[in-house]
Amino acid sequence: MIVPRILSTGLYVPPTVLTNDELATRIDTSDEWIFSHTGIHARRIASDDQATSDLAVAAGRQALERAGLDPLALDLVLLATSTPDYLGFPSTASIVQNSLGAVNAGAMDLTAACTGFVYALETARAFIAAGTSRYVLVIGAEVFSRILDWNDRNTCILFGDGAGAVLVGPADGPAFFAPSLLRSDGSGAASLLRPAGGTRQPVAQSPSDLAVRMDGRKVYSFAITVVKDIILEILEKNDLTLDQVDWVVPHQANVRIVASAAQRLGLPLEKFYLNMERYANTSGATIPLALSEMDQSGLLKRGQVVVTVGFGAGLTWGANLFRW
């Protein structure tokens with residue numbers, strides 16, 4: 001069986017920065033309150049002429065260039081997003097595939113909200129391990145600024161725009177990429193959703209029906225439990241211990257969630273890579289964006305054991321485990 005490995009990374013964030021202080025001129029909040037409750041100081045906002053595919057193409061192209069791989073060699077483009085260019089179809093992944101010139105690749109979107117990249121990375125691993133694909137480009141990209149109610153301070157302070165990408169292919173030496181753990185509990189679907197625009201409620205009764213709605217308390221309680229549990233579960237399944245893990249790369253939703261998980265696991269917070277201070281929650285893009293920063297800054301080194309953990313709407317959660 002072919003053992004996959006992440007071969008390269010790419011990222012793109014829009015140049016426009018929206019700080020907490022700027023938000024405080026629009027809604028009743030402050031930088032001190034937002035940062036103390038979330039760990040967020042700022043977020044990036046896409047320009048009016050940028051769609052999710054534009055961010056995804058930039059991140060994906062960088063990953064291909066860093067690997068020196070011709071787009072013609074790609075077998076599959078996977079895009080984790082909850083903010084596609086178009087509702088339902090065509091898939092945004094197909095737009096990205098075309099823009100990259102990956103004419104030999106299949107393409108599809110994966111929708112698992114903030115867990116989307118974890119699901120997509122496992123899909124890439126499985127395709128390559130089965131021998132049906134050799135090179136798979138996995139991208140997480142979001143333009144959440146378009147689906148927020150900017151008068152709702154419970155949600156608009158949390159999210160930002162961005163994209164991250166990883167190129168997955170066969171390892172050229174010893175490697176380890178475990179089967180991932182993917183979980184869902186649809187009984188919590190109403191905790192985090194966009195009410196209108198789908199077949200359940202095609203027409204919005206008000207503009208806010210097209211924006212994100214969240215039961216913050218329920219999502220928080222769910223997250224602090226599942227992060228710890230799924231890390232322990234995936235390590236146990238692969239006969240590894242916490243002290244053998246070099247990095248945990250969590251979904252960047254709230255620093256309190258990550259700090260709680262670290263405390264419950266008995267791990268120093270320094271083992272968890274965090275960048276939400278600068279980018280906020282970019283949903284499906286948070287984990288690949290973080291991996292790209294770590295890779296390109298030299299924090300990630302070949303042979304290190306990495307656990308990625310996602311959690312979000314669905315409710316969904318999951319974890320990947322691999323050697324870099």
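Values quoted throughout were computed directly from the atomic coordinates according to the rules given, and no laboratory measurement underlies them. No experiment lies behind these values; they were computed from the predicted model shown. Here Cβ is always computed from backbone atoms with ideal geometry, including for glycine, and neighbour counts include all displayed protein chains.
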Exercise. Taking the simple approach of a point 7 Å from Cα along Cα-to-Cβ for both residue 65 and residue 126, what is their distance in nm?
Worked result: 3.3
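Give me the mean projected area, in nm² to one decimal, of the convex hull enclosing the Cα positions of region 174-229. Intermediate results must be reported in sequence, preceding the final value.
On the way: hull surface 25.4 nm².
In nm², the orientation-averaged hull projection of region 174-229 is 6.4.
Could you tally the net charge around residue 104, taking each other residue with its Cβ under 15 Å from the Cβ of residue 104, Lys/Arg +1 and Asp/Glu -1?
Numbers: positive: 134; negative: 70, 75.
Summing Lys and Arg as +1 and Asp and Glu as -1 gives -1.
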For this session: Set the Förster radius R0 to 45 Å, insert the Cβ-Cβ distance between residue 48 and residue 244 as r into 1/(1 + (r/R0)^6), and round the FRET efficiency to 0.05.
Result: 0.45
For this session: For region 64-154, run through the chymotrypsin sites (Phe, Trp or Tyr not before Pro) and keep only the ones in DSSP coil with at most 14 other Cβ atoms within 10 Å of their Cβ.
Result: 86, 150
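Show me the trypsin sites (Lys or Arg not before Pro) within region 185-273 that DSSP assigns to loop and that have at most 11 other Cβ atoms within 10 Å of their Cβ.
Within region 185-273, the qualifying trypsin sites (Lys or Arg not before Pro) (loop, at most 11 other Cβ atoms within 10 Å) are 200.
Below 8 Å, C-alpha to C-alpha, sequence gap of six or more: please give me the relative contact order for the chain in percent. Walk me through the numbers before you get to the answer.
Working: 797 pairs, mean separation 83.7, N = 324.
It rounds to 26 percent for the chain.
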Exercise. FRET efficiency for residue 200 and residue 154, Cβ-Cβ distance as r, R0 = 25 Å, nearest 0.05?
Worked result: 0.65
Problem set entry | Ratio Rg/Rh, restricted to region 1-64 and using Cα atoms, in which Rh is the Kirkwood radius | 1.18
Exercise. Which net charge results when you count Lys and Arg as +1 and Asp and Glu as -1 among the other residues whose beta-carbon is under 13 Å from that of residue 296?
Worked result: -1
Exercise. 222 nm [θ] for the chain, helices only, -39500 (n - 2.57) per DSSP H run of 4+, per residue, to 500?
Worked result: -9500 deg cm²/dmol
Exercise. Taking every pair of alpha-carbon atoms in region 1-131, what share in percent sits in each 10 Å bin, from 0 to the bin with the longest distance?
Worked result: 11, 34, 31, 17, 7, 1
For this session: Would you mind computing, in nm to one decimal, how far apart the modelled labels at residue 2 and residue 217 are, each placed 7 Å from Cα along Cα→Cβ?
Result: 5.0
Problem set entry | Where N is the number of residues in the chain, Cα Rg divided by 2.2 N^0.38 Å | 0.94
Seminar exercise, completed: Here the relative contact order (percent) of region 233-324, from C-alpha pairs under 8 Å and at least 6 apart, is 33
Exercise. Which aspartates and glutamates, on any chain, are close to residue 271 with Cα under 20 Å apart, when same-chain ones fewer than 8 places away are left out?
Worked result: 229, 233, 236, 239, 243, 246, 293, 295
For this session: Based solely on C-alpha atoms, express the radius of gyration and the Dmax of region 218-324 in angstrom.
Result: 12.8, 38
Exercise. Residue 271 label point, 7 Å along Cα→Cβ, cut-off 19 Å on backbone N: hits in region 217-248?
Worked result: 224-248
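Which ordering of 294, 108, 276 is given by a fewest-first count of other beta-carbon atoms within 10 Å?
Working: 294 20, 108 15, 276 25.
So the residues, fewest neighbours to most, are 108, 294, 276.
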